[in-house]
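Beneath this line is the structure, given in structure tokens, with notes to follow.
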Amino acid sequence: MHRDMQQETSSPALEEAVWKDLVARFGGRMWAVARAVGLSPTDAADAVQGAWLRLVEHYDRIRDPDRLGAWLVTTTRHEAIRLSKRAGAERPSELPDLLDPTEPDPSAVVVDAEYGRAAWARLDALKEPCRSLLRLFALNPDIRYSHVSTHLNMPMGSIGPTRARCEKHLRALLEESE
């Protein structure tokens, strides 16, 4: 667990400082992950809150303090997916206003600076069509495959497998940088 949380903390001020540090370091990433699943702001808040609750419930089980950020992001993703499935995850039927994948991501402001810069730099290092495909999904989480097919001129049947390969490659690049 986080070094500060491993120590006995009898001071409420110290405990509050530790939580503020954790929220400052990881909160932005957690929000970005919840929103990327396609949740509304209210449901995203529930997913993030659920992940923090899981940390409180299981902090004594965290074996590697250096992986706390990854644990929080993964837990947030699981919470978001659970909420998305429960809500039925309605998708809009109209073509959404697409953000240009060549423009900088406006939600990158939410993601903390160090991780955000590293993640987007790794994404920019990918070759096409991975770079445009992953940017399009990151910027437009509710996009339908038919819209991706039209926008990127890709067969609909190849979008899922291509996206999976691209995400796997991006994950490998991100793990190399840790």
Residues meeting the amide H criterion for Arg144 (H placed from the backbone, H to H distance under 5 Å, 5 or more places apart or on another chain) are none
Lys and Arg at +1, Asp and Glu at -1: neighbours of Leu72 with Cβ under 11 Å from its Cβ sum to +4
The answer for region 117-164, accessible area per residue at 1.4 Å probe in Å², is 51 Å²
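The values are calculated or read from the model by the stated rules, or taken from the named source; none is laboratory data. No experiment lies behind these values; they were computed from the predicted model shown. Note: ideal-geometry Cβ built from the backbone for every residue, glycine included; neighbour counts use all protein chains shown. Quick note on the areas: whole protein, heavy atoms, side chains included, nothing else; ligands and nucleic acids left out. Shrake-Rupley method; radii C 1.70, N 1.55, O 1.52, S 1.80 Å.
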